[in-house]
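The values are calculated or read from the model by the stated rules, or taken from the named source; none is laboratory data. Being a predicted model, the structure only gives us computed values, none of them experimental. Glycine gets a Cβ as well: all are built from the backbone with ideal geometry, and neighbour counts include every protein chain shown.
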Amino acid sequence: MKKILLSFALAAAALSACQNKTEDYSWVKKGIDTAASQLKSAAEEIRGTGMLPRSIWVGYDMDFLERQLERDRSTFVDSLRALPAPGKEGTLRLCDIYDWTSGFFPGSLWYAYELTGDQTLKSDAIYYTELLDPIRRYTGTHDLGFMINCSYGNALRLSPSDTIPAVLVETSDNLCSRFKDSIGCIRSWDFGPWNFPVIIDNMMNLDLLFTASRLTGDSKYKDIAIRHADHTMANHFRPDYTSWHVVSYNDDGTVELRQTFQGKSDDSAWARGQAWAVYGYTSCYRETGDRKYLDFARNIADMIMTRVAAEDAVPYWDYNAPVTEETPRDASAGAVTACAMLELGTMVPDGQKYLDYGEKILKSLSSDAYLAAPGENCGFVLMHSVGSLPNGSEIDTPLNYADYYYLEGLKRYMELKGLAYSDL
Ligand code: GLY
């Protein structure tokens, strides 16, 4: 009987490999090739500046913002009075290594190298990763996980060296220094009016801590990640599994307030926040094997599939934004969601619906509606993301993290399908 089952499984695997080869993956190849050429030209253009590509400068229109936020401009935040300096609009917006997004460009170069085997991409990835070395001594943000795990974390996977683990561990120690025991969370921001702000995005920084525990054999990093995840699960979510953006705590661990900073309103579901949440709890299940994280990730994923109003599954910037012809999509939220769905779908018996949804998003992002034409888009891969609409910043523009998670999604998809670049 066992033999019969085994031959059945082998036949099924052979059939699926056969089908994989005959399916049309030209959209995957187009995405990878576009990314490779865009990233190489961006790497060349900014070499020697010590800076990294972040987005393209865009302005905003107050009437449009009033329509999207459904409130009067007299209630708008001060930052809305700061338009890009004259002559900047449409040009490349760079950032320095202390910006929260600094790890994404080197990380994208690593993924593009991994997907293609192109040695130029590898040497570019090494060059831009090494720029971030001083971050190992930085303590001024929770985003150390994004900055160092996406750059050095991928370097360790793809081009290991004896010096990389120390960078990851030193950075993890600094991230842990932001953990407050009486609250049970890692502090997100050092700016603003809040006593102890924690944003849902912070779930994404936990992967660095899981990595540090693996590298050192010391569970203290993982223990902090778990306490942060549990506390966030208890306080950051509404009964319908949508997440608040910012939860600020009093020193005794009680909640001071729940708000938004980048969403439409305090009670809305900011699209990228929901994406960070489903990705973060999927990672927590991968790293701990604790079913409560899996169940939670599924509940968030189911909510996302119900709430995203766009036909092509690339969400509007906030699930509660009024949907009209002018409502911007957030390709970055789509890319992060696709990554999570493609992992979550492998963890549960009825995972096909998550895999299909992840594939649908990736296909949409690989279409001409989102994928840049080679040589355009200031070297970015995807168009149409939103950074912070209520702050008048990065509205309907490329973002380096949209590109990073798009490439991560393509890598996950290729692995799921058992594809190599040469098969495409
Ligand atoms: N972590 C900031 C953002 O998602 O925009």
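Laid out as a table, the results:
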read-out: Extreme residue, nearest to the ligand (Cβ to nearest atom), among residues of segment 134-166 that are of a type in the set (Gly, Ala, Ser) and closer than 23 Å to Trp276 by Cα; value: Gly145
read-out: For Lys353: the one exception among (1) within 30 Å of Gly392 (Cβ to Cβ); (2) surrounded by fewer than 23 Cβ atoms within 10 Å (Cβ to Cβ); value: (1)
read-out: Every residue from segment 357-379 that is under 29 Å from Leu80 (Cα atoms), touching a helix residue (DSSP H, G or I) at 6+ places or on another chain (Cβ under 6 Å) and not hydrophobic (A, V, I, L, M, F, W, C); value: Tyr370, Gly379
read-out: Every residue from segment 199-228 that is under 17 Å from the mean Cα position of the chain (by Cα) and more than 22 Å from Ile164 (Cα to Cα); value: Ile199, Ile200, Asp201, Asn202, Met203
read-out: Every pair of residues 6+ apart whose Cβ atoms lie under 9 Å, when the first sits in segment 93-108 and is under 25 Å from Leu83 (Cα atoms) and charged (D, E, K, R) while the second is within 12 Å of the ligand (Cβ to nearest atom) and outside any strand (DSSP E or B); value: Asp99/Asp143; Asp99/Met147
read-out: Number of positions in segment 65-92 that are without any contact (Cβ under 8 Å) to a residue 40 or more places away in the chain, hydrophobic (A, V, I, L, M, F, W, C) and closer than 11 Å to Pro390 by Cβ; value: 0
read-out: Of all residues making up segment 263-304, the number that are more than 16 Å from the ligand (Cβ to nearest atom) and farther than 17 Å from Phe237 by Cα; value: 7
read-out: All positions within segment 380-403 that are away from the ligand (no atom under 12 Å from the Cβ) and either under 22 Å from Ala82 (Cα atoms) or surrounded by 24 or more Cβ atoms within 10 Å (Cβ to Cβ) (or both); value: Phe380, Val381, Leu382, His384, Gly392, Ile395, Asp396, Thr397, Pro398, Asp403
read-out: Whichever residue in segment 404-424 is acidic (Asp, Glu) and in contact (Cβ under 8 Å) with a residue 24 or more places away in the chain and, among such residues, is surrounded by the fewest Cβ atoms within 10 Å (Cβ to Cβ); value: Asp423
read-out: Segment 306-335, residues that are at pLDDT 95 or above, more than 18 Å from the chain's Cα centre (by Cα) and of a type in the set (A, V, I, L, M); value: Ala310, Ala321, Val323
read-out: Helices (runs of 4 or more DSSP H) completely within segment 47-133 that count 3 or more residues being out of contact with any Cys (no Cβ under 8 Å at 6 or more places or on another chain), of a type outside the set (Asp, Glu) and surrounded by fewer than 17 Cβ atoms within 10 Å (Cβ to Cβ); value: 62-69, 119-130
read-out: Residue in segment 349-359 that is among the aromatic types (Phe, Trp, Tyr), farther than 30 Å from Thr211 by Cα and outside any loop (DSSP other than H, G, I, E, B) present; value: no
